[in-house]
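This report concerns only the one structure given below.
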Amino acid sequence: MRNVYLDYSATTPVKEEVLKEMIPYFTEKFGNPSSLYDKGLEAKDAVNHAREQVAALINAEPREVFFTAGGTEADNWAVFGVCDKLKEKGNHIITTKIEHHAMLHSCDFLEKQGFDVTYLDIDKDGRVDLDQLKNSITDKTILISVMMINNEIGTLQPIKEIAEIAKAHKIIFHTDAVQALGNVPIDVKELGVDLMSMSSHKIYGPKGEGALFIRKGLRISNYLHGGAQESGRRAGTENLTGIVGFGKAAELARVHFDEHVKHCSELRNYLVDRVLKEIPDTILNGTMDGRHPGNANITFKYIEGESILLLLNQFGISVSTGSACSSKSLEPSHVLTALGVPVEMIHGTVRFTVGDFTTKEDIDYVVDSLKNIVTKLRELSPINEKKGW
């Protein structure tokens with residue numbers, strides 16, 4: 001049976017070059033970067049080199065990159081670090097209804113601590129309304145956080161414009177760039193962001209490693225307390241192997257950026273074209289203009305996305321359902337809900353994301369399998385067009 005992985009937005013395999021770079025740091029180069037003898041200094045040099053590699057991918061200065069345990073910690077550090085530092089100045093945060101739960105749950109926690117949070121709507125393409133953003137700002141607003149690319153529908157937000165609005169009002173601006181890193185050009189100097197979250201395992205690096213970009217001169221409170229690692233701003237012995245892997249993955253993402261985007265966008269477009277043309281009653285969610293190059297979020301009317309997922313899995317195909325952020329959750333996707341998709345259609349949604357190892361033959365196999373699966377499920381479904389949705 002053929003195996004096809006189309007869930008690259010969930011995670012990516014570690015590339016061979018990345019693993020090769022990491023292996024020595026599990027064994028002979030295992031030193032603690034805080035130690036002053038040769039093995040420790042060797043490890044410290046590896047961490048600094050990785051910091052330079054990650055910084056180069058986003059056009060930052062190495063000293064502006066701080067390693068974390070992943071994108072979730074980076075998001076948490078950004079929001080809690082700002083709110084703790086500026087709590088005497090204000091207690092208002094602006095974010096969107098379609099953020100990752102790492103941000104939404106952090107805001108929910110802060111609301112229970114007395115902070116006010118404004119959740120911006122999105123338009124039919126999945127983008128925030130800049131006028132609504134401007135009108136939401138008060139003299140108590142201390143943080144604006146808008147993710148760069150949405151993890152479900154792949155929509156790219158107008159980050160530069162948002163950063164300009166934040167700067168004009170002297171408000172700190174954070175963006176979650178976990179899905180954007182390596183998939184769209186990122187220049188933190190040009191964008192004007194203050195804080196930016198990143199993750200290794202979305203760019204063919206190891207899991208459990210991420211980073212927070214903190215613009216030079218900006219001080220936010222520490223999130224983890226303990227030792228003086230990461231220039232005294234993020235305590236805990238560095239995940240040496242993870243950092244080395246992240247660095248190498250970032251280098252590969254920078255060097256092969258154009259090739260990666262071209263490959264993914266061509267295969268994604270081919271997938272979308274075939275599905276929409278060959279399978280009736282299918283809808284692409286979000287716009288194709290300004291979108292993650294590998295993302296295709298598609299609704300299949302009259303059937304459950306989870307049923308599609310399970311049957312595709314029997315054919316060796318891995319995709320993600322759009323009906324819930326977690327496979328254990330029965331709640332409809334908060335992103336598609338904000339987009340205005342009816343609940344019954346949300347539950348018929350599947351997210352496909354292609355990557356560097358996807359082939360045209362893979363796409364053909366997936367679409368041919370989908371056609372049979374969707375036809376059979378609709379024949380069994382008690383819901384049909386006559387009954388309506």
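Scanning the stretch 344-361 for residues that are part of a helix (DSSP H, G or I), open to solvent by 20 Å² or more (accessible area, probe 1.4 Å) and touching a Leu at 6+ places or on another chain (Cβ under 9 Å) yields M345, K360. Screening K97 with (1) under 22 Å from K207 (Cβ atoms); (2) within 18 Å of the chain's Cα centre (by Cα) gives one miss only, at (1).
Residues of the stretch 101-140 that are open to solvent by 70 Å² or more (accessible area, probe 1.4 Å) and either basic (K, R) or in contact with an Asp or Glu (Cβ under 6 Å, 6 or more places away or on another chain) (or both): K112, K124, K134, K140. Among the residues of the stretch 45-61, those that are out of contact with any strand residue (DSSP E or B) (no Cβ under 7 Å at 6 or more places or on another chain) and either more than 26 Å from E28 (Cα to Cα) or free of Cβ contacts under 8 Å to residues at least 12 places away in the same chain (or both) comprise D45, A56, L57, N59, E61.
Scanning the stretch 275-298 for residues that are outside any strand (DSSP E or B), buried (at least 16 other Cβ atoms within 10 Å of the Cβ) and out of contact with any helix residue (DSSP H, G or I) (no Cβ under 8 Å at 6 or more places or on another chain) yields T287, G290, H292. Out of L191, L218, one residue alone is without any contact (Cβ under 8 Å) to a residue 60 or more places away in the chain and within 27 Å of E266 (Cα to Cα). It is L191. Applying a threshold of 9 Å to beta carbon distances and a minimum spacing of six or more residues, or different chains, the list of pairs starting in the stretch 62-81 at a residue that is touching a residue at least 40 places away in the same chain (Cβ under 8 Å) and ending at one that is among the charged types (D, E, K, R) and in a helix (DSSP H, G or I) reads R63/R51; V65/R51; V65/E52; F66/R51; F66/E230; F67/R51; F67/E230; T68/E230.
Quick check on the stretch 72-86. Is at least one of its residues in a loop (DSSP other than H, G, I, E, B) and within 28 Å of I137 (Cβ to Cβ)? Among the residues of the stretch 72-86, at least one is in a loop (DSSP other than H, G, I, E, B) and within 28 Å of I137 (Cβ to Cβ), which makes the answer yes. From the list L267, L312, the lone residue that is assigned to a helix (DSSP H, G or I), within 22 Å of N372 (Cβ to Cβ), in contact (Cβ under 8 Å) with a residue 40 or more places away in the chain and in contact with a Lys or Arg (Cβ under 9 Å, 6 or more places away or on another chain) is L267. Kindly evaluate V146 against the criterion of being in contact (Cβ under 8 Å) with a residue 60 or more places away in the chain, touching a Ser or Thr at 6+ places or on another chain (Cβ under 7 Å) and among the aliphatic types (A, V, I, L, M). Judged against the criteria, V146 is not a match. Scanning the stretch 3-33 for residues that are open to solvent by less than 50 Å² (accessible area, probe 1.4 Å) and in contact with an Asp or Glu (Cβ under 7 Å, 6 or more places away or on another chain) turns up V4, G31, P33. Within the stretch 278-311, which residues are at positive phi and touching a Pro at 6+ places or on another chain (Cβ under 9 Å)? Of everything in the stretch 278-311, just one residue is at positive phi and touching a Pro at 6+ places or on another chain (Cβ under 9 Å), namely G290. Considering the conditions (1) of a type in the set (V, I, T); (2) outside any loop (DSSP other than H, G, I, E, B); (3) in contact (Cβ under 8 Å) with a residue 60 or more places away in the chain, V272 is excluded by exactly one of them, (3).
The one condition from (1) assigned to a helix (DSSP H, G or I); (2) open to solvent by less than 10 Å² (accessible area, probe 1.4 Å); (3) under 16 Å from E238 (Cα atoms) that F67 does not meet is (1).
Every test in (1) over 20 Å from G286 (Cβ atoms); (2) surrounded by fewer than 17 Cβ atoms within 10 Å (Cβ to Cβ); (3) not small (G, A, S) is passed by P158 save one, and that test is (1). Within the stretch 232-248, the only residue that satisfies the criterion of being exposed (fewer than 14 other Cβ atoms within 10 Å of the Cβ) and either modelled with pLDDT of 95 or more or touching a Leu at 6+ places or on another chain (Cβ under 6 Å) (or both) is T237.
The values are calculated or read from the model by the stated rules, or taken from the named source; none is laboratory data. These numbers were taken from a predicted model, which means no experiment stands behind them. A quick note on method: Cβ atoms are made from the backbone with ideal geometry, for glycine too, and the neighbour counts reach across all protein chains shown. Keep in mind that these areas ignore ligands, DNA and RNA; they rest on the heavy atoms of the full protein, side chains included. Shrake-Rupley method; radii C 1.70, N 1.55, O 1.52, S 1.80 Å.
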